[in-house]
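Note sheet for the following structure.
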Amino acid sequence: CILGRLMNLKKASQTYQKIDEQSFVEPEDTHTIVLTMLKELIRSIDLFEANIDLKEGDQQIKSKHFSRALTIIYALQSSLDFEKGGEIARGLFQLYEYCRQQLLKDMKNGKIEKTNNAKLSLIEITEAWEEIGQTHAG
């Protein structure tokens, strides 16, 4: 039911609209910033997954993208406006938290088990976010 998700995700765009009013970022750019963050999160997860089995002396790439993914997740969670976003904001927070937990588990275990499932959910959100942006632009 992608239409239902898009309707809910359209509401999610409002969740991200509230960034610190004194920020240097124009409100019109909020959508692009979130989209960029989501794409970079997926990219970092991809690179983390691709390098998960590196041996101890060669873990710099894995560690870098693991840390980067966690930082992006934190930024996305911190940018949510729970007052305006309500249930959508809570759902997004939970999705990001699920992704964070799966990254931590896979890093600890040294193998990919659940991170890919989390990434697939992020890809769906990103695609819907792109569609919302196209709708607003058109």
| field | Restricting region 93-138 to residues that are in contact (Cβ under 8 Å) with a residue 40 or more places away in the chain and not in a helix (DSSP H, G or I), the residue that is surrounded by the most Cβ atoms within 10 Å (Cβ to Cβ) | value | I112
| said: For region 47-81, give me each residue that is touching a residue at least 60 places away in the same chain (Cβ under 8 Å) and not charged (D, E, K, R). | reply: F48, I52, S79, L80
| Boolean, R90 is out of contact with any strand residue (DSSP E or B) (no Cβ under 6 Å at 6 or more places or on another chain), open to solvent by 80 Å² or more (accessible area, probe 1.4 Å) and closer than 16 Å to T115 by Cβ | no
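Given the residues L38, L54, which is the only one that is open to solvent by less than 50 Å² (accessible area, probe 1.4 Å), assigned to a helix (DSSP H, G or I) and either at pLDDT below 90 or hydrophobic (A, V, I, L, M, F, W, C) (or both)?
Working: L54 fails: assigned to a helix (DSSP H, G or I).
Checking each option against the conditions leaves just L38.
The values are calculated or read from the model by the stated rules, or taken from the named source; none is laboratory data. All values reported here derive from a predicted model rather than from experimental measurement. Every residue, glycine among them, receives a Cβ derived from its backbone with ideal geometry; neighbour counts consider all protein chains shown. Side chains are part of the model used for accessible areas, which takes the heavy atoms of the whole protein and leaves out ligands, DNA and RNA. Shrake-Rupley method; radii C 1.70, N 1.55, O 1.52, S 1.80 Å.
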